[in-house]
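Colleague: One structure is given below, represented as structure tokens, and several questions about it will come after.
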Amino acid sequence: MQTVRNQRERRFRQGVSAVDGMLTSMSTQYYTASSIDGFIADPDNSLEWLFQFSEESGIEDQFPNFMEQVGAMAMGSTTYEWVADHTGFLADPTKWEYTIPTWVFSSRELPRVDGLDIRFVSGDVAPTHSEMVQAADGKNVWLVGGGDLVGQFHDQGLLDEVIISVASVFLGAGAPLLPRKIVTPPLQLIEATAYGADFAMLRYAVRNGSALAKAEQPEA
């Protein structure tokens with residue numbers, strides 16, 4: 001049992017998981033910033049509490065490395081609208097920062113723009129996840145947020161990793177990081193790294209995620 005656990009930890013440290021009996025770099029990841037008390041936005045859906053920090057901590061330098069391994073991404077309607085408001089890509093598509101296919105989950109009509117690979121879907125996340133994995137072509141799938149959408153992936157056993165940049169603030173209320181009760185089995189801490197005096201990056205493997213469940217199976 002200890003050998004299997006060591007193999008599992010080594011694979012996740014290398015960004016490797018087992019899918020359909022084959023080793024692959026593919027993992028479905030929730031990567032986001034959070035306050036210490038577990039909120040990703042304040043009650044006004046603002047991130048000003050996050051933008052107050054300077055770049056001196058070096059944590060922003062990790063994002064390009066993360067994105068190099070991502071082949072598809074998904075977000076909810078609130079996140080999509082926030083990105084639209086803060087970048088202006090609906091009026092100027094060149095301000096859309098991503099070149100990978102993006103799925104937006106929403107039960108309502110959202111403003112759209114031609115020329116970008118943004119796909120609008122609703123309903124069960126499982127079929128869309130399969131499309132995302134295929135589009136990612138061996139790279140990771142990034143769940144941008146919000147927390148409830150990520151929770152739907154977790155409910156289906158499709159969430160493999162949670163990577164949180166914890167900022168040194170308490171918000172008291174707001175949009176929760178992941179509004180699910182996850183107790184047994186607990187998440188497995190893979191890595192914890194301090195960045196300056198303001199951030200700690202925590203990386204967890206989801207023990208009942210599709211990739212980790214495969215990785216725990218004894219090798220033939």
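Colleague: Collect the residues in region 137-161 that are in contact (Cβ under 8 Å) with a residue 60 or more places away in the chain, out of contact with any helix residue (DSSP H, G or I) (no Cβ under 8 Å at 6 or more places or on another chain) and either open to solvent by 30 Å² or more (accessible area, probe 1.4 Å) or farther than 17 Å from Ala205 by Cα (or both), keeping them in residue-number order.
Modeller: Selection gives Asp137, Gly138, Lys139, Asp148.
Residue-by-condition table, conditions (1) on the phi < 0 side of the Ramachandran plot; (2) modelled with pLDDT of 95 or more; (3) touching a strand residue (DSSP E or B) at 6+ places or on another chain (Cβ under 8 Å):
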{"site": "Thr184", "(1), (2), (3)": "yes, no, no"}
{"site": "Leu187", "(1), (2), (3)": "yes, yes, yes"}
{"site": "Ala192", "(1), (2), (3)": "yes, yes, yes"}
{"site": "Tyr195", "(1), (2), (3)": "yes, no, yes"}
{"site": "Met201", "(1), (2), (3)": "yes, yes, yes"}
{"site": "Tyr204", "(1), (2), (3)": "yes, yes, yes"}
{"site": "Gly209", "(1), (2), (3)": "yes, no, yes"}
{"site": "Glu216", "(1), (2), (3)": "yes, no, no"}
{"site": "Ala220", "(1), (2), (3)": "yes, no, no"}
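Colleague: How many residues are closer than 19 Å to Met67 by Cβ and either charged (D, E, K, R) or assigned to a loop (DSSP other than H, G, I, E, B) (or both) when one looks only at region 81-102?
Modeller: Number satisfying all stated conditions: 8.
Colleague: Right, something else. Does region 57-68 contain any residue that is under 28 Å from Asn208 (Cα atoms), at pLDDT below 95 and surrounded by 15 or more Cβ atoms within 10 Å (Cβ to Cβ)?
Modeller: For region 57-68, residues under 28 Å from Asn208 (Cα atoms), at pLDDT below 95 and surrounded by 15 or more Cβ atoms within 10 Å (Cβ to Cβ): present.
Colleague: Scan Val150, Val113, Val166 and give me the residue that is under 24 Å from Met67 (Cα atoms), modelled with pLDDT under 95 and of a type in the set (Val, Ile, Thr).
Modeller: Val113
Colleague: Here's something else I'd like to know. Do you know which of the residues in region 103-136 that are more than 21 Å from Gly147 (Cβ to Cβ) and in a helix (DSSP H, G or I) is most open to solvent (accessible area, probe 1.4 Å)?
Modeller: Of everything passing the filter in region 103-136, Gln134 is most open to solvent (accessible area, probe 1.4 Å).
The values are calculated or read from the model by the stated rules, or taken from the named source; none is laboratory data. Note that the coordinates shown come from a computational prediction; the quantities given were computed from them, not determined experimentally. As a convention, Cβ positions derive from the backbone with ideal geometry for all residues, glycine included, and neighbour counts pool all protein chains shown. Quick note on the areas: whole protein, heavy atoms, side chains included, nothing else; ligands and nucleic acids left out. Shrake-Rupley method; radii C 1.70, N 1.55, O 1.52, S 1.80 Å.
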